[in-house]
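Report on one structure; see the data block that follows.
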Amino acid sequence: MSTNFQYQHAMDDDLLSSIANRHCTRVFLKRPVSQETIQAVLSAAASAPSSQNNQPWQVTVLMGKSRDALSARLCANFDQGVAPTPDYLNRPIDMPGELQQRVEDYGRSFLGFKGIARDDEVGRRNHRRDNFLFYGAPVELIFHLPANAAPGTFLDLGFFMQNVILGFEACGLASCPQYSVASYSDTVRDHLGFGRDRIIISGMAVGYPNKSARLNRFVPPRAPLDDYTQWYV
Ligand SMILES: Cc1cc2nc3c(=O)[nH]c(=O)nc-3n(C[C@H](O)[C@H](O)[C@H](O)COP(=O)(O)O)c2cc1C
């Protein structure tokens, strides 16, 4: 594995650099985000490609009291040991060994970076619980799809979500997608007043990054180019 750090200096102002240097933020400032900024990003993001231009994405923006109330409900679920009931799997049941290794490396290195020992049950619990506090972000987005979504529908939404992420970066904002939030799908559906005809795909914490927070400097490595490219030339 190697990191793509070389981009940081070579291409500072261009799109490629923004793509290469984007990483999750998990410590946010309390500074509010304007609705106009969110509207601008979501409008631009809808230029994402989609199969036959079907544009299946839907996103619910939670700020203020509605954000706080969902966070409280999710934290209560977590604290009471309510079993998550995600609407879909975010990984294969039989994860190929190489991918599983990355997952394990990520978990170990992230906990290590935070100084949480493997046998520190309370530390590990709080680490997971931070998801439901939305990492302190003032905005939580919920991405959802029709219940009959096909694999291609998920792909369409993925393009949209990455546009949203990069759009926020362009505005000096940062984000973290959250399957953890979507995994309490019944609670999210109930909070948003949705029926079973919608499936909850992902949360996303959004806000201004706390740039002095050490945790925001955690960058999981990426596999080198040759590991994921084949050239038939
Ligand atoms: C669909 C999806 C769901 C994710 N869910 C979570 C989550 O629940 N909590 C979290 O802290 N990070 C979550 N992440 C972030 C990943 O852990 C992160 O993207 C990955 O470790 C690579 O790190 P980086 O994005 O900072 O480079 C999610 C990412 C994706 C794409």
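The values are calculated or read from the model by the stated rules, or taken from the named source; none is laboratory data. Note that the structure is a prediction, hence the values are computed from the model and not measured. Virtual Cβ from ideal backbone geometry, glycine too; neighbours counted across all protein chains shown.
Remarks
- Residue within region 205-227 that is in contact with an Asp or Glu (Cβ under 7 Å, 6 or more places away or on another chain) and within 9 Å of the ligand (Cβ to nearest atom) present: yes
- Check on Lys30, away from the ligand (no atom under 16 Å from the Cβ) and in contact (Cβ under 8 Å) with a residue 60 or more places away in the chain: yes
- Count of region 168-180 residues which are among the hydrophobic types (A, V, I, L, M, F, W, C) and more than 13 Å from Phe28 (Cβ to Cβ): 2
- Test: residue in region 192-205 that is within 16 Å of Ile19 (Cβ to Cβ) and touching a residue at least 24 places away in the same chain (Cβ under 8 Å): no
For (1) among the aliphatic types (A, V, I, L, M); (2) within 17 Å of Val27 (Cα to Cα), each residue gets a yes or a no:
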{"residue": "Phe159", "(1), (2)": "no, no"}
{"residue": "Ala182", "(1), (2)": "yes, no"}
{"residue": "Val188", "(1), (2)": "yes, no"}
{"residue": "Gly193", "(1), (2)": "no, no"}
{"residue": "Arg196", "(1), (2)": "no, no"}
{"residue": "Ile199", "(1), (2)": "yes, no"}
{"residue": "Gly203", "(1), (2)": "no, yes"}
{"residue": "Val206", "(1), (2)": "yes, yes"}
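- Qualifying residue in region 24-46 (condition: under 17 Å from Tyr179 (Cβ atoms), touching a strand residue (DSSP E or B) at 6+ places or on another chain (Cβ under 9 Å) and hydrophobic (A, V, I, L, M, F, W, C)): yes
- Candidates Arg198, Arg124, filtered to the one that is buried (at least 20 other Cβ atoms within 10 Å of the Cβ) and among the basic types (Lys, Arg): Arg198
- Flag for Gln230 being farther than 25 Å from Val27 by Cα and either polar (S, T, N, Q) or in a helix (DSSP H, G or I) (or both): yes
- Residues that are under 23 Å from Ala69 (Cβ atoms) and at pLDDT 95 or above are absent from region 96-104.
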